[in-house]
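Comments concern the structure below.
Computed from the coordinates by the stated procedures, all read-outs in this text should not be read as laboratory data. A quick note: this is a predicted structure, and the numbers were derived from the prediction, not measured. Glycine gets a Cβ as well: all are built from the backbone with ideal geometry, and neighbour counts include every protein chain shown.
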């Protein structure tokens, strides 16, 4: 068993609220020690010593919302290519969305994903399964069997269940299995043909808008049903002040609810769409600046528990089109950490809270290993230079698809090394 | 026309929207269009300004009047005009707008006129081709030549645009004509009103530089110009307004409602009209109507736009840099 000692690093571990200069000892696949105390243990015999002065060690990120093209659209992204992008972005675990082709709504497909991941992926891949068969929003999928096979959450991916009774039954049934219902909400009737945030900016562009209420109405319904059923509900991607307020009220009522947000909703606003830039067509749409500010505050105060990349690879065939005809979504695995660190550099959100939302909180919510540097845990960790600036360039993107919202952006905070179960899977 | 006093150089390569134009750009195009009106009224209507130049009309939405207006404008300037109608093109075979654009671009046209159902389509095309692009209507975004021809019609009838009160009535929300007109009329100093049921108004309308009215009586009060918009049939059967008869009752322009406007108010409509829906026949054909003049001005404005874009002083090779 090889032993590596990372010394003189700043160690930030939200699972233990630890932020101190110290060392991390990786023994084989696990963490033997991490923190100031590990520093004093000295180097174990035969250990490789890595000096990390000026660098920071974080638990590897756990990205709870990643769309992959495999199966069905491998030209956009495979499990292998997504994992390479993840490793470069410091993401050591991903939860893969089930809206693939075919839909992951069956044990055989969960097994396919796990098998493909085992054979081709360099980070941990955890499949989420569909709440309803074929994402049709009518019949429940086999929560028990799917969970046993390895599905870590139940979600409709980009889709919203419109039938309240189906949602109530799913929440009730999921409770018996301790499963989390992880749901994006957008009322399809109210959103209608909308393609960006409703408001003056969309009106001038002549684009149909999506009102904030299209997100909030099904979200409020879900939160009420989560209270009724006392079930575990995760609002997957909120984007408005209105939604944050709804989640905050439900939490105050003691409901077992959590909320996530895509980093784009905290980094960008509707004006970034500019003159019909389709890479900025996202779902939920980029909102007004007031909403972005409210999202940042909701992350700071913990209303938003989890930050995700909402990685969604799209090719030229779905993006090189007029705005309203283009697909929504943007890749984000490689920029998740650096985009989130803007909030740290701007002193808007404490570093500990940011790393919690990117790693510890999602691991805990979905019952995954990782999200911690505690002794005995799997050595999923990253060495980061929090200050190092870098430029996002298309030719450096590892994803098969290049639809990033951050092309040409200057970001600060670079992943120098990524370890999954003690093995180095990325080195800058 | 060689004796024509030289116009200032038009500073843009494309005409994608009124939004990109300064008041002086607009005035320049209107001045050039005044000259073009004179050409169209001669018995010899053909000039040689654009001789040897190629104009392609790429219409993804059927529009007999706009397409023929552009075609006639090009022909009167001596250009070779080709119409690409969607039905006979590879668009039906699933080719994307950009691939079609690249193909057409390889044929080295000097000007591409595009009509498309999606907002932003003209701008997207302009990024990918080497020639000038004229937006002939993109979704609910802009229809700049319509706003220019409306302005020319008003200016010729009223002698000015500044400080006139213009009421734009009807389906503002889905209308590219409304957006382009709001921009242009504001740029030239008119007072712009919109009159519509609230279901046909876009979000944020009160911040778009207009006064908003929900009744024709108030909205038309003292107006110098009443501009009616077409209401698509599928929008008047319960989705946005309950019925045709209810819409006509409250928002259709008839003699009674027109009384609220000034006695010499102009009545305009971009066409094609739904008689008895947004406008009564007696008004459309009445003495205040300038709807036929609008059609005539349409050809003149399009001639002016294409001459300005292909001005040989700026663009000697016909390929913009």
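General remarks:
- Relative contact order of chain B, pairs being alpha-carbon contacts under 8 Å that are 6 or more residues apart, as %: 21 percent
- In terms of packing, defined here as the mean over residues of other Cβ atoms within 10 angstrom, the peptides A:117-123, B:231-237 line up highest first as A:117-123, B:231-237.
- For chain A, the relative contact order works out to 19 percent when only alpha carbon pairs closer than 8 Å and six or more residues apart are counted.
- Helix axis angle, A:336-345 relative to chain A longest principal axis, alpha carbon, degrees: 80 degrees
- The stretch B:144-294: relative contact order in percent, alpha carbon pairs under 8 Å with at least 6 residues between: 23 percent
- Gaussian network model of chain A, springs between alpha carbon atoms under 10 Å - residue of A:412, A:395, A:41 with greatest fluctuation: A:395
- For the peptides A:52-64, A:130-142, the ranking by mean Cβ contacts within 10 Å, running from highest to lowest, is A:52-64, A:130-142.
- Part-to-part distance (alpha-carbon centres) for the stretch B:151-187 and the stretch A:218-256, which is given in Å: 47 Å
- On Cα atoms only, tilt of A:289-300 relative to the major axis of chain A in degrees: 40 degrees
- The stretch B:144-294: radius of gyration and largest Cα-Cα distance (Dmax), Å: 13.8, 42
- Highest average packing first - A:368-379, A:259-270, Cβ atoms within 10 Å: A:259-270, A:368-379
- Degrees between helix B:176-187 axis and first principal axis of chain B (Cα, 0 to 90, nearest 10): 90 degrees
- Peptide B:113-123 has a mean of 5 when you count, residue by residue, the C-beta atoms of other protein chains within 10 Å of its C-beta.
- For B:137-149, mean number of other protein chain Cβ atoms within 10 Å: 2
- Peptide B:202-210 shows a mean partner chain C-beta count of 4 within 10 Å per residue C-beta.
- The stretch A:374-428 and the stretch B:28-92: distance between their alpha carbon centers, rounded to Å: 55 Å
- Projected-area average for the protein assembly as shown over all orientations - Cα convex hull basis, square nanometres: 35.5 nm²
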